[in-house]
Amino acid sequence: MSASAADGSVPAWLAPVLSPLADALAVRGGPVTWHGRHPDTGEPLTITAENTPDGPALRLGGGVAADGEPPVPAGSLDALSGSLDVVEAAGQLAALVVPGLADWATVTVLGEDGSPDRSAVAHRDPGRLPDVRTYISRRVTAPRDQSSLTAALRSGEPVQLREIALDLGPDAQPDPEVRAAWRRLDPTSSLFVPLQARGTALGMLSLVNCGGREPHGAAEIAAAVAVARRAAPAVDNARLYERQLQVAETLQHSLLTPPVQPAGLAIAVRYRPASSHALVGGDWYDAFEQSDGATLLVIGDVVGHNVEAASAMAQLRSAVRTLAYDRPDSPARILDRVDRVLAGLHVGLLATALVARLEGPGPDGGRALRWSSAGHLPPLLLHPDGRTGLLETPAERMLGTEEPARRTDHRTVVHPGDTVLLCTDGLVEAGRVGIDEGLARVAATVADLAGVGPGALCDRLLSRLVPDRAEDDVAVLAVRVLPLDAPA
């Protein structure tokens, strides 16, 4: 940085640039960029001074192309469309424009009421990110900034501030930490570019230049507008997906209700969504009394792990519940009727399900358990002494297939102290093990938990077999038969 034109180590035209760059670097400590044009070719040029382990150094590069194309890789812009998380998409956009179009950038996404909701930031010097976040999160928006933001949002056109006051008084920013962060950031000019999609303002891309960097020129403004235009649909898609997800979550939470607690039974349920698709999926459980007083237990898994699967699950759960209560048929007859409804209404879904019916107690407290499976995992029976057994039966077709076949009921008797466990494959296959190995693992774990209540059994079963984030949806239903003299 001490080179001069006199000794021939740098071109004469570059010498006047070095002194202010060196001064700015000494003050800021981080990279400082000069933007201009080559005196001979007229091509855009950037010169960045930065500290390296070997001392101050210069880095030369091309600026924004003359045709206004964004100085970021096209593939990076395309990658934005792959994110369905609003904050992630905003963060990717902020990172894309730094340092090519700004020293630091903020992407602000508006909420439903049109006010700023969430934001993401990027700075060419990662060490300055805490200052950016302090300023963005705790500032009092200045009237000039607010008017610029409003003007950009209303007009849909970029608005530029070619000069920014570095010294903010207490009246402008009462928080001394905000004022200190602002001074360290050393902003000199800014550009506000609205993000719009489908004719709606989504938010704002704010570009800030610092130190010796010149205000954005016409080519840079055109480039920023081009980037915002290409990035806005990605942010919009993420926002729309998020809203759809919220609706699905609300629907799913409304369906996965607490189970009924009939006299003589203790029932517990648990649901854990797969981590890769937030809080929705196709697994479900249900427990309710039929009109004749028998208790119906249902567990199922709609193929898919998305909003569509959750919607299909809602339809299927409602169909099973309505048909089962309306006529206290056996589990096989209930599934037969569900088959006819799905076919007759052309409901396009594929699902496994198991329906079990616990009838009233006999003189010794024993209860008949009848069940029928539509391609689902078998129930597991846990005895008070820790013995377990899978209630395995010949496989029958899933719901939603077109194969005509009458379903079959199966029967056993459960006694006071016995626990029946129903689960989905997310529990059995946790850790990517096979079905047989997974069922054996579940049985061994349940046997070790024979002395605990149904709720604790479900919790400990999940904590042992799915200790980390679930790779697949997990639904568990446990019902214990209580002694005849158990308190109500």
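Within the range 385-400, the set of residues being surrounded by fewer than 14 Cβ atoms within 10 Å (Cβ to Cβ) and either in contact with a Gly (Cβ under 9 Å, 6 or more places away or on another chain) or under 22 Å from ALA486 (Cβ atoms) (or both) comprises ASP385, GLY386, ARG387, ALA395. Note on the range 103-119: residues that are without any contact (Cβ under 8 Å) to a residue 40 or more places away in the chain and either among the polar types (S, T, N, Q) or farther than 18 Å from GLN196 by Cβ (or both) total 2. Within the range 401-433, the set of residues being of a type in the set (Gly, Ala, Ser) and either surrounded by fewer than 18 Cβ atoms within 10 Å (Cβ to Cβ) or in contact with a strand residue (DSSP E or B) (Cβ under 6 Å, 6 or more places away or on another chain) (or both) comprises ALA405, GLY417, GLY426, GLY431. Within the range 97-142, how many residues turn out to be crowded, with 19+ Cβ neighbours inside 10 Å, of a type in the set (A, V, I, L, M) and over 18 Å from ASN237 (Cα atoms)? Going through the range 97-142 one residue at a time, the tally reaches 8.
The residues of the range 383-434 that are assigned to a loop (DSSP other than H, G, I, E, B), under 20 Å from ARG357 (Cα atoms) and either under 38 Å from the mean Cα position of the chain (by Cα) or among the polar types (S, T, N, Q) (or both), listed by number, are LEU391, GLU392, THR393, ALA395, GLU396, ARG397, MET398, THR408, THR424.
Condition check ((1) at pLDDT 95 or above; (2) of a type in the set (A, V, I, L, M, F, W, C); (3) not assigned by TED's automatic domain parsing to the domain that holds ASP473) across all residues:
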{"position": "SER318", "(1), (2), (3)": "no, no, no"}
{"position": "ARG321", "(1), (2), (3)": "no, no, no"}
{"position": "ALA332", "(1), (2), (3)": "yes, yes, no"}
{"position": "VAL347", "(1), (2), (3)": "no, yes, no"}
{"position": "ARG357", "(1), (2), (3)": "yes, no, no"}
{"position": "PRO363", "(1), (2), (3)": "no, no, no"}
{"position": "GLY366", "(1), (2), (3)": "yes, no, no"}
{"position": "ALA374", "(1), (2), (3)": "yes, yes, no"}
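Of everything in the range 214-229, what is assigned to a loop (DSSP other than H, G, I, E, B) and surrounded by fewer than 24 Cβ atoms within 10 Å (Cβ to Cβ)? Give them in sequence order. GLU214, PRO215, GLY217, listed by residue number. Condition first: touching a Leu at 6+ places or on another chain (Cβ under 6 Å) and over 29 Å from LEU240 (Cα atoms). Now tell me which residues in the range 109-141 satisfy that. Within the range 109-141, just ASP131 meets the criteria.
Residue-level analysis places ASP409 among those that are among the acidic types (Asp, Glu) and touching a Lys or Arg at 6+ places or on another chain (Cβ under 6 Å).
Which one of ALA456, ALA450 is in a helix (DSSP H, G or I) and either without any contact (Cβ under 8 Å) to a residue 12 or more places away in the chain or over 21 Å from VAL302 (Cα atoms) (or both)? Just a single option satisfies the conditions, and that option is ALA456. Between LEU256, LEU297, LEU251, the distinction of being touching a residue at least 24 places away in the same chain (Cβ under 8 Å) and buried (at least 20 other Cβ atoms within 10 Å of the Cβ) belongs to LEU297 only. The residues listed here are PRO454, PRO467, PRO487; of these, the one that is out of contact with any Lys or Arg (no Cβ under 8 Å at 6 or more places or on another chain) and either closer than 25 Å to THR295 by Cα or surrounded by 15 or more Cβ atoms within 10 Å (Cβ to Cβ) (or both) is PRO487. Mind listing just one residue for me: the one in the range 88-121 that is part of a helix (DSSP H, G or I) and among the aliphatic types (A, V, I, L, M) and, of those, farthest from ALA222 (Cα to Cα)? Checking each candidate, the answer is ALA89. Is it the case, given these coordinates, that ASP448 is surrounded by fewer than 21 Cβ atoms within 10 Å (Cβ to Cβ), closer than 19 Å to ASP385 by Cβ and out of contact with any Ser or Thr (no Cβ under 8 Å at 6 or more places or on another chain)? Considered against the rule, which asks whether it is surrounded by fewer than 21 Cβ atoms within 10 Å (Cβ to Cβ), closer than 19 Å to ASP385 by Cβ and out of contact with any Ser or Thr (no Cβ under 8 Å at 6 or more places or on another chain), ASP448 comes out as yes.
The values are calculated or read from the model by the stated rules, or taken from the named source; none is laboratory data. Here the structure is a predicted model, which is why all the values come from computation and not from measurement. For neighbour counting, all protein chains shown are included, and Cβ atoms are generated from backbone atoms with ideal geometry for every residue, glycine included.
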